[in-house]
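Contents: one structure, followed by commentary.
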Amino acid sequence: MRMDYTVRGEPRPIYEVGDFVRLKRDEPGPVVTARAGDWGRVTRVSPRGVDVMLAGYCRPANARVSVATGLPVWMLAPCDTRGLMLDLQRDLERRG
């Protein structure tokens, strides 16, 4: 994961394939297949949004919906390999 910073100096992640993310809100649209709290690995990043593989992480590997596609970046938060959200600001202050 690469990092960018807002005008106020707050860290903002730039997701890449292989990063772990957690959904902060339910997937938008009339049919909600990915819900807040689901987490997984980024499989694709495009201008339309981020695709996240859920199966094998927060759902069984044989789950019906295994990938959430086209998720907006604002809906995602970085997490670790266990699905626990990362506090980017705290981690940067600890290193710095």
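Read-outs: derived from the displayed coordinates by stated rules, not from any lab. Quick caveat: nothing in here was measured; it's all calculated off a predicted structure. FYI the Cβ positions are ideal-geometry reconstructions off the backbone, even for glycines, and counts take in every protein chain you see.
The equivalent ellipsoid that matches the C-alpha gyration tensor of the chain spans semi-axes of 24, 15, 11 angstrom, in descending order. By the count of other C-beta atoms within 10 Å, a proxy for reagent exposure, Val42, Val7 are ordered fewest to most as Val7, Val42.
Taking a Cβ cut-off of under 11 Å around Cys58, the surrounding Lys, Arg, Asp and Glu residues balance to a net charge of +4, with basic ones at +1 and acidic ones at -1. Secondary structure note: in the chain, about 95% of the DSSP beta bridges are antiparallel. Taking amide hydrogens as placed 1.01 Å from N in the peptide plane, the amide H of Leu54 sits under 5 Å from those of Val67, Ala68, each at least 5 positions away in sequence or on another chain.
Taking the fewest neighbouring Cβ atoms within 10 Å as the starting point, the ordered list for Tyr5, Tyr15, Tyr57 is Tyr5, Tyr15, Tyr57. Residue-wise HN-Hα couplings along the range 77-83, as the Karplus relation 6.51 cos²θ - 1.76 cosθ + 1.60 with θ = phi - 60° gives them from phi, are 10, x, 9, 8, 6, 9, x Hz; Gly and Pro carry x.
Residue by residue, the range 53-59 carries 3J(HN,Hα) couplings of 7, 8, 5, x, 10, 8, 10 Hz when phi is fed to the Karplus relation 6.51 cos²θ - 1.76 cosθ + 1.60 (θ = phi - 60°); x denotes Gly or Pro.
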